[in-house]
Each structure stands twice: as C-alpha cells, then as structure tokens.
Amino acid sequence: MGDAETMRLRRIGRVESPLTDTAAAPKQGDEGAPEATIALDPAYAEAAADLRAEEELIVLTWLDRADRDVLAVHPRGDASRPRQGVFSTRSPARPNPIGLHRVRILAVEGTRLRVAGLEALDGTPVLDLKPALGKIGER
C-alpha cells in the first residue's frame, strides 16, 4: 500500500487478563469483560503516581494479534450485516491496530492498576493511559 512512514512507539506496560482467546473475548469492555490488571513498567511509576481507584481512564493498546491487512469487515463478525470499511467500525483488524478502552480503576498497587471494563487479551501491550474527560465544568 505504498510507502508508509514508520513511527516508533514505546510499550508502557502489558495487560494481565484471564482472556487469552480472541474468539471468546467480549467485543467491548461493557459486554462482560473480567477484571484485569494493567502492569506498567516500573520506569513509568512517576507518570502513574496520581492515579486513584474509581477514576475512569482511556487505555490505548496495541492489538498485537490483529490482522493489519484488513480494510473492510462485517460489523461484529455478523455476515448478515453489510461489509463496512474498518474506519467506521471498532474492529481490531485494521492498518494500525490501536485499541481504545474506557476502564474504571478498581485499585492501584504501585505500578499495577486493577481495572474493570478491559476486554484486551492477556499480554496485550499498553501504549498510553489518559483520563476520561467529564463535562466541561468538571475538567
């Protein structure tokens, strides 16, 4: 697909989850994802120092087992639905398989964050964490 600019990303941690099989994992975190842990590299302890239980985060992951050559899919794997370009879906199969997950922190233990709502597979690289924004007056 032509020349693509190469970018370097740093893995800041990994997901620890009982989910190991893509087919058995929920499509979205609010569809039955089990509790999971984001195990941050100790080098990022200072970056995580202000995170607290009950906060909501946006977690960016690298979906390392996704197919990067897919450009169109049947949404949610349902062949009865018309194919759509991956940019209009939440399919993990896409040119840059970046996962976007809204989670709630259950507990913080040093550089280990216990979270709810994370449907990523065990071992998935974590790229970044950002606070989920509330209403404008709450920022």
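Some points to look at:
- Meets criteria (β-branched (Val, Ile, Thr) and touching a helix residue (DSSP H, G or I) at 6+ places or on another chain (Cβ under 7 Å)) for Thr124: no
- Of everything in the stretch 116-137 that is open to solvent by 70 Å² or more (accessible area, probe 1.4 Å) and assigned to a loop (DSSP other than H, G, I, E, B), the residue that is nearest to Arg10 (Cα to Cα) is Leu133.
Conditions tested, residue by residue: (1) touching a strand residue (DSSP E or B) at 6+ places or on another chain (Cβ under 6 Å); (2) surrounded by 11 or more Cβ atoms within 10 Å (Cβ to Cβ); (3) charged (D, E, K, R).
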site	(1), (2), (3)
Ala49	no, no, no
Glu56	yes, yes, yes
Leu60	yes, yes, no
Ala72	yes, yes, no
Arg81	no, yes, yes
Arg114	yes, yes, yes
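- For the stretch 116-139, the set of residues classified as free of Cβ contacts under 8 Å to residues at least 24 places away in the same chain and not small (Gly, Ala, Ser) consists of Leu133, Lys135, Ile136, Glu138, Arg139, listed by residue number.
- Some residue of the stretch 92-111 being part of a strand (DSSP E or B), open to solvent by less than 70 Å² (accessible area, probe 1.4 Å), farther than 22 Å from Gly123 by Cα and of a type in the set (A, V, I, L, M): no
The values are calculated or read from the model by the stated rules, or taken from the named source; none is laboratory data. Every value quoted in this text rests on a predicted model; they were computed, and no experiment measured them. Glycine also receives a Cβ, built like all others from the backbone with ideal geometry; neighbour counts cover every protein chain displayed. Areas reflect the complete protein model, heavy atoms only, side chains present, ligands, DNA and RNA absent. Shrake-Rupley method; radii C 1.70, N 1.55, O 1.52, S 1.80 Å.
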